[in-house]
Amino acid sequence: VPGRLEAVQQAIDESSQTIQERSNDLQRLFSDRRSNVKQIQEHRSRLATIDQLTKRFELLTRHYRSDLERLEFVSESDYYLSQIGSGHCPVCGNLLEEHTAEQLASEKEKGEGIQEAARKEAQKVRAQLEDLANTMSTLTEEESDLETQINEFELVIRQINQQISENLEPELATAKEEIQQLYDTKNTLRQAQKQQERISL
C-alpha cells in the first residue's frame with residue numbers, strides 16, 4: 001500500500017502541475033482575447049469618426065463646387081455682357097452715347113477687374129478642393145487599413161476561441177477528472193492502510 005500511495009501522490013502532483021499550466025495558458029489567452037477586442041473597439045470608434053469626417057468633407061466639396069460654378073457664371077456673364085452691342089452700358093446701364101471715351105475705358109477696366117477677381121477666387125476654391133480631395137483620399141486609405149486590421153484581430157479571436165474550446169478546456173476537464181479519481185484512489189488506499197495497521201496490532 002505505501003508504494004501505491006507514493007505512486008498515486010506522484011500522479012496527483014503531475015496532474016496538479018498540468019492543471020496549473022493549462023490554467024495559466026487559459027489566462028494568457030483570455031488576456032490576448034481582451035486585448036484584441038479592445039483594439040477592435042478602438043478601430044471601430046476611429047472608423048465612425050472617419051465616416052463623420054467624410055460626410056462633412058463631401059458636403060464641403062459640394063459647397064466649393066457650387067462656389068466654383070457661381071464664379072465661372074459671374075465671369076462668363078460679365079464677359080458676354082461686355083460683348084453685347086447694346087445701346088446701354090453693361091456696367092451702369094446708362095446709354096452708351098452718354099459716355100465719354102474716358103468713361104468707356106474706365107468701365108471696361110472695371111469689367112476686366114470683375115473677371116480677374118472671379119478668376120483669382122476660383123483658383124483659391126480649386127486649391128481648397130484639391131486639399132479636400134487629398135485629405136479624403138488619406139482618410140479612405142486609413143479606413144481600408146483599419147478594416148483590414150479589424151479582420152485580422154477577429155481572426156485571432158476566432159483562433160483563440162477555437163484553441164480554448166478544442167484544446168485547453170477539454171484538457172482541463174480531463175485533468176480535473178483524473179485528479180479527482182486519483183484523490184478517491186488515495187483515500188481508498190489510506191483507509192486500506194489504516195485497516196492493515198489495525199490488523200497488525
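The values are calculated or read from the model by the stated rules, or taken from the named source; none is laboratory data. Note that the structure is a prediction, hence the values are computed from the model and not measured. Glycine also receives a Cβ, built like all others from the backbone with ideal geometry; neighbour counts cover every protein chain displayed. In case anyone asks, the SASA skips ligands and DNA or RNA and just uses the protein heavy atoms, side chains included. Shrake-Rupley method; radii C 1.70, N 1.55, O 1.52, S 1.80 Å.
Things to note:
- Identity of the residue in segment 20-34, charged (D, E, K, R) and under 12 Å from E171 (Cβ atoms), that ends up most open to solvent (accessible area, probe 1.4 Å): E21
- Residues of segment 173-201 satisfying the condition of being farther than 17 Å from Q17 by Cβ and open to solvent by 90 Å² or more (accessible area, probe 1.4 Å): R190, Q191, K194, Q195, Q196, E197, R198, I199, S200, L201
- Segment 140-159 - residue that is surrounded by 13 or more Cβ atoms within 10 Å (Cβ to Cβ) and among the polar types (S, T, N, Q) and, of those, nearest to D67 (Cα to Cα): Q149
- Scope segment 127-139; condition within 14 Å of R65 (Cβ to Cβ) and surrounded by 14 or more Cβ atoms within 10 Å (Cβ to Cβ); matching residues: Q128, L129, L132, M136
- Any hit, segment 54-62, residues being charged (D, E, K, R), open to solvent by 60 Å² or more (accessible area, probe 1.4 Å), under 30 Å from E171 (Cα atoms) and modelled with pLDDT of 95 or more: no
- Qualifying residue in segment 40-47 (condition: at negative phi, surrounded by fewer than 17 Cβ atoms within 10 Å (Cβ to Cβ) and touching a Lys or Arg at 6+ places or on another chain (Cβ under 8 Å)): no
- Exactly one residue out of A122, A173, A118 is of a type outside the set (S, T, N, Q) and more than 30 Å from T54 (Cα to Cα): that is A173.
- Any hit, segment 33-53, residues being farther than 17 Å from E154 by Cβ, touching a residue at least 12 places away in the same chain (Cβ under 8 Å) and among the aliphatic types (A, V, I, L, M): yes
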